Amino acid sequence: MKFWRTTKTLLKISVTALALYWVFGKVEPKDLREALVQSNPLFLVLAFIAYCGSILIASSRLNGFFKGMGLHLSERYNLKLYLLGLFYNLFLPGGVGGDGYKIYFLRRKFHVKGRHLLTAVFFDRVSGLWALCLITAALVLFIPQLNIPREVPIACVIAGSAAYYFVINKYFNAFSRHFLMTHLKALGVQSMQVVCAILLLYALGFDGKFSPYLFMFLLSSLVAVVPFTVGGLGAREMVYVYGAEYFQLDAHLAVLISLLFYLTSALLAVMGSYFIFRPRGLGEDKLPTTDEVERGVDDEND
C-alpha cells in the first residue's frame with residue numbers, strides 16, 4: 001500500500017509538471033507576468049473574499065451531511081477541520097488526502113463509523129458536482145458557438161436531478177432530509193466561485209463577453225474533480241488553452257485566470273496549516289500524522 005501511495009504521488013507530480021510544460025509551450029510566461037503586475041489589486045482582494053465565501057458555504061454544506069448521519073458539529077469547529085482538509089488536499093496530494101484525513105480524525109474523536117462518514121463526504125462531493133453541472137448547463141444556453149440545442153442541457157439537468165434525488169431518497173434517506181438546504185448551499189458554493197472568476201476577469205481589465213471564459217472556468221472545475229494532478233493544477237490550464245483555441249479567445253488571459261484562481265485557493269488553503277502547529281484549535285494536544293491516517297485506513301480496509 002505504501003508503495004502504491006508513493007507511486008500515485010509521483011504520478012500526480014509528473015502529470016502536473018507535463019501539463020504545465022505543455023501549457024507554457026503555448027503561452028509566453030513573460031506576458032503572464034506583465035498582465036499580473038498590471039492587474040487591479042482591489043478586484044484581486046474582492047475575488048479572494050468571494051472565494052472565502054464559497055468555502056464558508058461549502059463547509060456548512062458538509063456539516064449538513066454530517067448532521068444527516070447524526071454527527072452534530074458546530075459550524076466553527078467544522079470550518080476549522082474543513083480548512084485543514086483544504087491544506088492537505090492542495091499541499092500534500094499523496095496518501096489519503098484531505099477528505100480521508102477528516103474521516104479518520106472524526107472517526108477517532110467522536111467514535112462514529114467510518115462508512116457513515118465516507119457516505120456523508122461522498123454525497124457532499126456529489127452535491128457539488130450536481131451544482132457545477134447545473135450552472136454549466138445553464139451557461140451553455142448563452143453560448144451559441146457550441147451549437148447545442150437548448151432542449152439538450154435542460155433535459156439532461158431535469159433527468160439527472162430526478163434520478164439523483166430518487167437514489168438518495170430511496171437508499172440514503174438520512175441525507176435526503178436536508179436535501180433542499182444542502183443543495184441550495186451547493187449552488188451557493190459554485191455561484192460564489194463563478195463570482196470569483198468574474199472578479200478575476202475585472203482585475204485583469206477584461207471588458208468583453210464573459211460567458212466563454214466562465215464556461216471554460218466551470219469546465220475546468222469539472223476536469224479538476226478527477227484527481228490526476230496536484231490540486232487540479234495543470235489540468236485546469238489545459239482546458240483553458242484548448243477552450244481559448246475553440247472560442248478564438250486570448251489564451252494568455254484564459255491561463256492567467258486559471259493560475260490566479262489556483263493562487264487564490266492556495267492562499268486560503270495554507271491557513272489550514274495553522275492547526276497543524278496549534279492543534280488545540282481542534283481540541284487536540286496533537287493531530288494524527290499522515291502516516292497514522294494511512295495506517296488507520298489500511299487497517300480498516302484489511
Being free of Cβ contacts under 8 Å to residues at least 24 places away in the same chain and open to solvent by less than 50 Å² (accessible area, probe 1.4 Å), is that true of even one residue in the stretch 155-168? no
If we keep just the residues of the stretch 205-224 that are in contact (Cβ under 8 Å) with a residue 40 or more places away in the chain and part of a loop (DSSP other than H, G, I, E, B), which is farthest from TYR242 (Cα to Cα)? GLY205
Being open to solvent by less than 10 Å² (accessible area, probe 1.4 Å), more than 24 Å from LEU233 (Cα to Cα) and in contact with a Pro (Cβ under 9 Å, 6 or more places away or on another chain) is the filter here, so list the residues in the stretch 87-114 that pass it. PHE105
Here are the criteria: (1) under 16 Å from the mean Cα position of the chain (by Cα); (2) within 21 Å of THR290 (Cβ to Cβ); (3) open to solvent by 30 Å² or more (accessible area, probe 1.4 Å); (4) in contact (Cβ under 8 Å) with a residue 60 or more places away in the chain. Tell me which single one LEU84 does not satisfy. (3)
State whether one or more residues within the stretch 50-62 are assigned to a loop (DSSP other than H, G, I, E, B), out of contact with any Pro (no Cβ under 7 Å at 6 or more places or on another chain) and open to solvent by 50 Å² or more (accessible area, probe 1.4 Å). no
Can you pull out every residue in the stretch 20-49 that is modelled with pLDDT under 80, surrounded by 13 or more Cβ atoms within 10 Å (Cβ to Cβ) and among the small types (Gly, Ala, Ser)? ALA35
Options TYR242, TYR202, TYR246, TYR274; residue that is out of contact with any His (no Cβ under 7 Å at 6 or more places or on another chain), open to solvent by 40 Å² or more (accessible area, probe 1.4 Å), assigned to a helix (DSSP H, G or I) and under 30 Å from LYS109 (Cβ atoms): TYR274
Please tell me if ARG150 is open to solvent by 70 Å² or more (accessible area, probe 1.4 Å), in contact with a Leu (Cβ under 6 Å, 6 or more places away or on another chain) and within 30 Å of TYR242 (Cα to Cα). yes
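The values are calculated or read from the model by the stated rules, or taken from the named source; none is laboratory data. The structure displayed is predicted, hence computed values, not measured ones. Heads up, the Cβs are rebuilt from the backbone with ideal geometry, glycines too, and the neighbour counts pull from every protein chain shown. Ligands, DNA and RNA are stripped out before the accessible areas are found, and what is left, the full protein with its side chains, is counted by its heavy atoms. Shrake-Rupley method; radii C 1.70, N 1.55, O 1.52, S 1.80 Å.
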